[in-house]
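Handing you a structure now.
The values are calculated or read from the model by the stated rules, or taken from the named source; none is laboratory data. Small disclaimer: the values here were computed from a predicted structure and weren't measured. Here Cβ is always computed from backbone atoms with ideal geometry, including for glycine, and neighbour counts include all displayed protein chains. Surface accessibility is based on the protein's heavy atoms, side chains included, excluding ligands, DNA and RNA. Shrake-Rupley method; radii C 1.70, N 1.55, O 1.52, S 1.80 Å.
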Amino acid sequence: MITVDSLANQRFTFLTKKVNRSVEIDMKFMFYYGYVLGEWCRNNTNAASFASVDMKKFKKFKIPIPPIAEQRCIVSILDKFEALVDDISIGLPAELAARRKQYEYYRTKLLTFSEYVS
């Protein structure tokens, strides 16, 4: 994880915060939001000889940026769930599956916004 205002992976060349934007971004928040972005990408691929994300749609994709305090609160909650899942992974498989499902539910719930899209 890069802890500066940028995001990159093997499919997208590079994502970065818009120039001259004074919005504070917690990069761990962006790391978690990557799960939402990944799901969106899976649902928006062009089926050709090589499946790829529909870049016309992707250019219109808006990432919601709540206030920094809210971002940090979300990160704290998701970090705790992630630690809980890691701790349980030593235990029973059914409990682990239930905790993973709970974690995914809360991750989705905490990362669904409408009022902060920029």
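Which of the following residues is open to solvent by less than 60 Å² (accessible area, probe 1.4 Å) and either at pLDDT below 85 or among the polar types (S, T, N, Q) (or both): Ser22, Ser6?
Numbers: Ser22 fails: open to solvent by less than 60 Å² (accessible area, probe 1.4 Å).
Residue meeting the stated conditions: Ser6.
Go through Lys62, Lys80 for me and flag whichever is modelled with pLDDT of 80 or more, in contact with a strand residue (DSSP E or B) (Cβ under 8 Å, 6 or more places away or on another chain) and open to solvent by 50 Å² or more (accessible area, probe 1.4 Å).
Details: Lys80 fails: in contact with a strand residue (DSSP E or B) (Cβ under 8 Å, 6 or more places away or on another chain).
Testing whether each residue is modelled with pLDDT of 80 or more, in contact with a strand residue (DSSP E or B) (Cβ under 8 Å, 6 or more places away or on another chain) and open to solvent by 50 Å² or more (accessible area, probe 1.4 Å) leaves just Lys62.
Now, a different point. Please go through the range 22-45 and give me each residue that is in a loop (DSSP other than H, G, I, E, B) and in contact (Cβ under 8 Å) with a residue 40 or more places away in the chain, ordered by number.
Val23, Glu24, Ile25, Asp26, listed by residue number.
Out of the residues in the range 83-113 meeting the condition of being among the basic types (Lys, Arg) and either surrounded by 13 or more Cβ atoms within 10 Å (Cβ to Cβ) or not in a helix (DSSP H, G or I) (or both), tell me which one is modelled with the highest pLDDT. Steps first, answer last, please.
At the first step, the residues of the range 83-113 found to be among the basic types (Lys, Arg) are 99-101, 107, 109.
Add one more test, that the residue is either surrounded by 13 or more Cβ atoms within 10 Å (Cβ to Cβ) or not in a helix (DSSP H, G or I) (or both), and what stays is 99-100, 107.
On the way: Arg99: 79, Arg100: 84, Arg107: 87.
Applying the filter and picking the extreme gives Arg107.
Out of the residues in the range 38-59 meeting the condition of being touching a helix residue (DSSP H, G or I) at 6+ places or on another chain (Cβ under 9 Å) and under 22 Å from Arg100 (Cβ atoms), tell me which one is most open to solvent (accessible area, probe 1.4 Å).
It comes out as Glu39.
Six or more apart or on different chains, Cβ atoms under 6 Å: show the pairs whose first residue is in the range 46-68 and in a loop (DSSP other than H, G, I, E, B) and whose second is open to solvent by less than 100 Å² (accessible area, probe 1.4 Å).
Ala51/Thr45; Asp54/Asn44; Asp54/Asn46; Lys62/Val117; Ile65/Val23; Ile65/Tyr116; Ile65/Ser118; Pro66/Tyr116
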